[in-house]
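Notes to accompany the following structure.
The values are calculated or read from the model by the stated rules, or taken from the named source; none is laboratory data. Keep in mind the model is a prediction, meaning the values are calculated, not measured. Glycine also receives a Cβ, built like all others from the backbone with ideal geometry; neighbour counts cover every protein chain displayed.
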Amino acid sequence: MFYFPRAEIQTVITPMADNNHFYYDEEKCEFIPVSYEKKKKVVHTLSFWLINGIVLASMGIALLSHYVGTPAEIALKAENRALLNQLETTRSSIINLESQLGEISELDNEMYRSVLGLEPIPEEERMAGTGGSDPYSHFDLYSEETSEILRWTASRLDNLERRLGIQKMSFDEVKAFYNENKEWLRNMPAIRPTNGIILSGYGMRTHPVLGYKRMHHGIDLRADIGTEIFATGDGVVKFAGRRGTYGNLLEIDHGNGYVTRYAHLSAFEDGIRPGVQVKRGDLVALSGDTGVTQGPHLHYEVRLNGESLDPLNYLFADITPDEYQLYREIAESNPMSMD
């Protein structure tokens, strides 16, 4: 008789089962399969996978925390990136605002202050630079990228605030000057003589008929024959008649050395003759193509003490800054005049 050593429970792999547990019965001299209650078996299986899942999840979280970061750190990084992107957008907005403020400052110097006889504000004063200690050193605590954009944004915003303050003071000065000189400013040419768009600007231009460059003492405005022409300021008619290459010409004396000219007219309004007083906005003539000209339009001049000035700077009561910039671009881009 064979005698097997005593054993409590052993696991034996048989061809008929994948993975069963057995114990050895000494009396019967055979291995008896161990049977479990179904409930215990389910609990045992679930416990096994739950424990393994917890272990694997813990290992995964540990690895992610080490190489990627905790959920809070990931959220903070995403938030920081969003803030940096917003600061980049703000940078573009600041650059755009600086450009617009530069155009307003240029218009203020060239039109409002120049026309009214006020001293232009120097560019270095308008830029409102600062010196001394670094007011943005506290941003150095952050990363290089963050520190750079925070420094740039803070410094540009501070500069914008100072420049806006200077521009506000300039407009306050212009307003005060206007309030003190309303009587004289009513005489000053300050509106468009007609609503047509500008065709050619002030300065050296090629004459369309004579074919050579010469000084163009005014601006040419689009106007078909018979378009209404208006006085640009209060004044007294100085001349109304035919004059050389101007064709039919109207001159209005506005006082203080200012005279306006309206050329190539087809007709004068009834009652317009030397010595007649006119008000700003009064209908004074109709446009035409008399004189030496390429076609119908209005040639308009502003003169001070006999010297011609750029009429674009004397439309300030009738056009917006955007319209002024558009007119200026058209005037500078066209090398020819209409007369």
So residue 118 fits all but one of (1) part of a loop (DSSP other than H, G, I, E, B); (2) without any contact (Cβ under 8 Å) to a residue 40 or more places away in the chain; what number is the exception? (2)
When you scan segment 125-136, do you find a residue that is aromatic (Phe, Trp, Tyr), under 20 Å from residue 175 (Cβ atoms) and surrounded by 14 or more Cβ atoms within 10 Å (Cβ to Cβ), even just one? no
Do you know which residues across segment 320-333 are over 20 Å from the mean Cα position of the chain (by Cα) and either surrounded by 14 or more Cβ atoms within 10 Å (Cβ to Cβ) or within 16 Å of residue 194 (Cβ to Cβ) (or both)? 330, 331
Please determine whether any residue of segment 157-165 is of a type in the set (Lys, Arg), free of Cβ contacts under 8 Å to residues at least 12 places away in the same chain and closer than 25 Å to residue 312 by Cβ. no
Please list, ordered by first then second residue, the pairs with beta carbon atoms under 8 Å, 6 or more apart or interchain, first in segment 54-82 and on the phi > 0 side of the Ramachandran plot, second at pLDDT 70 or above and surrounded by 10 or more Cβ atoms within 10 Å (Cβ to Cβ). 69/77
Can you confirm whether segment 276-296 contains a residue that is touching a helix residue (DSSP H, G or I) at 6+ places or on another chain (Cβ under 7 Å), under 28 Å from residue 117 (Cβ atoms) and polar (S, T, N, Q)? no
Within segment 221-241, does at least one residue satisfy the condition of being of a type in the set (Asp, Glu), under 20 Å from residue 115 (Cα atoms) and modelled with pLDDT of 95 or more? yes
Step by step: first the residues of segment 250-273, then only those that are more than 17 Å from residue 303 (Cα to Cα) and in contact with a strand residue (DSSP E or B) (Cβ under 8 Å, 6 or more places away or on another chain), then the one that is surrounded by the fewest Cβ atoms within 10 Å (Cβ to Cβ). Which residue is that? 273
For segment 208-249: of the residues being assigned to a loop (DSSP other than H, G, I, E, B) and under 20 Å from residue 303 (Cβ atoms), which is farthest from the chain's Cα centre (by Cα)? 234
Tell me yes or no: at least one residue of segment 250-265 is farther than 19 Å from residue 311 by Cβ and touching a residue at least 12 places away in the same chain (Cβ under 8 Å). no
